[in-house]
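What follows is a set of notes on a single structure, which appears directly below.
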Amino acid sequence: MFTLEGFLGLAPYMRMFFEGMVTTICLSALTVLFGFILALVLSYMRMCKIAPLRWISTAYVEIIRATPMLVQLFLVYHVFLSGVSFPTFKIFGFIRFERFIPGVIALCLNSGAYLSEIIRSGIQSIDQGQAEASRSLGMTQWQTMRYTILPQAIKNILPAIANEFVTIIKESSICWTIGVQDIMSVVNAVKAATFSMAEPLVVAACIYFCLTFPTSKIIEHFERKMSRGDKR
């Protein structure tokens, strides 16, 4: 059960929770950045006319979506990167680089597969007549995609992207299993020191809520702002 003494006993570990929160934010931010870039590449490959590229991207997306995130994380850390020697230094003085980077890579590989399907559906939702009109004005295929198709597609898929970002923040919690000092890693450290699990979990849940709820509301604000021009 929860006790007031149990929560008061967490006071000496608040700095650790803060450091875990910073680690989680860094994990999520880098995952969104590089995962979005990977998603753009994968979505282009899935829509291109070159069959091998289409097959490779399709196989990648299906494999990632059909396997658990924890299995992917262990494969990246214990198999694919087992022979790689990362520099052993700490970011901000508490994030171990050699554990952090494999976590970012695994999350990016996972997020890129899901985001690629979201982006592909958004691009395909745009009327092909707009692309033809852009090319008739002398735009190249890249310019058409950048200035005509992508802005409208991103506006249409913004809610789905927001959900994926919130999901990334929550899924990053499994990175503690490879030694990343995130929020759940702090929960386990506090449990080992205080022999109490309930109160640290409540604190962790509150931190995750404080990260995900404002994020979703901020994106909802931008979504409403972007959709004003659509209203008659």
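Assorted remarks:
- In summary, the lysines within cross-link reach of Lys170, defined as a Cα separation below 29 angstrom excluding same-chain residues under 8 places away, comprise Lys90, Lys155, Lys191, Lys217, Lys225.
- Helix axis angle, 198-226 relative to the chain longest principal axis, alpha carbon, degrees: 20
- Distance in nm between pseudo-label sites at Ala205 and Thr67 (7 Å out along the Cβ direction from Cα): 3.3
- Averaging over all projection directions, the Cα-based convex hull of the range 1-133 occupies 13.1 nm² in the image plane.
- Between the Cα long axis of helix 150-171 and the first principal axis of the chain there is an angle of about 20°, rounded to the nearest 10.
- Helix 14-47 axis, angle to the chain major axis (alpha carbon atoms, nearest 10°): 20
- Cα centroid separation, the range 189-214 to the range 1-46 (Å): 12
- Our summary gives the chain a relative contact order of 30 percent, counting only alpha carbon pairs under 8 angstrom and 6 or more residues apart.
- 20 °C / 1.002 mPa s Stokes-Einstein diffusion coefficient of the chain, Kirkwood radius on C-alpha pairs, µm²/s: 108
- Legend: translational diffusion of the range 98-232 by Stokes-Einstein, Rh = Kirkwood radius over C-alpha pairs, 37 °C, 0.692 mPa s; D = 184 µm²/s.
- Mean Cβ neighbour count within 10 Å, used as a protection proxy, ranking 123-133, 29-39, 96-106 highest first: 96-106, 29-39, 123-133
- Cβ-Cβ FRET estimate between Met139 and Lys170, R0 fixed at 41 Å, reported to 0.05: 0.55
We did not get these values from a lab; they are worked out from the coordinates using the rules stated. Every value quoted in this text rests on a predicted model; they were computed, and no experiment measured them. Quick reminder, even Gly has a Cβ in these numbers, built from the backbone with ideal geometry, and neighbours come from all protein chains shown.
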